[in-house]
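Colleague: Provided herewith is a single structure, encoded as structure tokens, for subsequent inquiry.
None of the figures in this text is laboratory data; all of them are computed from the coordinates on show. These numbers were taken from a predicted model, which means no experiment stands behind them. Counting neighbours? That spans all protein chains shown, and the Cβs are built from the backbone with ideal geometry, glycine included.
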Amino acid sequence: PEFMVNKAYYCVEKFDINANPRIHLLMEKGDTVFFHPLLIHGSGANRTKHYRKAISCHYSNAKSKFIDVEGTIQERMARELEAAYKKNANKYGLSNGELKIQDLWRWKSRLIKDNSS
């Protein structure tokens with residue numbers, strides 16, 4: 001279906017697309033748009049033969065620590081991400097061994113420091 005929710009879009013699965021107003025953005029090739037993380041947004045199916053490129057940035061304090069998600073509402077998301085990376089382990093340069101969500105966050109994270117002060 002055209003308005004099917006992608007994996008990892010939690011709490012949106014029962015969203016009634018027809019009961020909520022939508023705003024369409026007319027964009028040209030190469031345009032960029034930024035969304036607040038709590039804004040439900042989407043682009044529909046990619047009907048071209050080309051890849052759709054996206055960047056997702058998350059900011060947090062460098063002193064942040066990973067919390068164990070086992071037994072929480074986030075556990076389902078963690079297991080799905082682990083499964084996706086295991087399926088493509090070679091593509092990402094990972095071994096097929098045991099892979100946990102905290103390992104993925106460490107692998108994907110980059111520390112950025114502001115030395116201007």
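Colleague: Under 24 Å Cα to Cα from K29, which lysines show up? Leave out anything in the same chain fewer than 8 places away.
Modeller: Here the lysines satisfying the reach criterion relative to K29 are K49, K53.
Colleague: Among the chymotrypsin sites (Phe, Trp or Tyr not before Pro) within the range 25-83, which fall in a DSSP loop and have no more than 11 other Cβ atoms within 10 Å of their own Cβ?
Modeller: When the chymotrypsin sites (Phe, Trp or Tyr not before Pro) of the range 25-83 are filtered for loop state and at most 11 Cβ neighbours within 10 Å, F34, F35, Y51, Y59 remain.
Colleague: If each residue of separation counts as 0.36 nm, what is the full-extension length gain between S109 and N20 once their alpha-carbon separation is subtracted? Show your work: numbers first, answer last.
Modeller: Working: separation 89, 0.36 × 89 = 32.04 nm, distance 3.49 nm.
Computed gain between S109 and N20 is 28.5 nm.
Colleague: Within the range 41-89, which GluC sites (Glu not before Pro) sit in a loop by DSSP and count at most 15 neighbouring Cβ atoms inside 10 Å? Could the numbers behind the result be given before it?
Modeller: Working: sites: E70, E75, E80, E82; in loops: E70.
Here the sparse-neighbourhood loop sites are E70.
Colleague: Tell me, what is the Rg over Rh of the range 19-79, with Rh the Kirkwood radius over Cα pairs? Each step should come with its number before you reach the end.
Modeller: Numbers: Rg = 16.6 Å, Rh = 15.9 Å.
Ratio of gyration radius to Kirkwood radius: 1.05.
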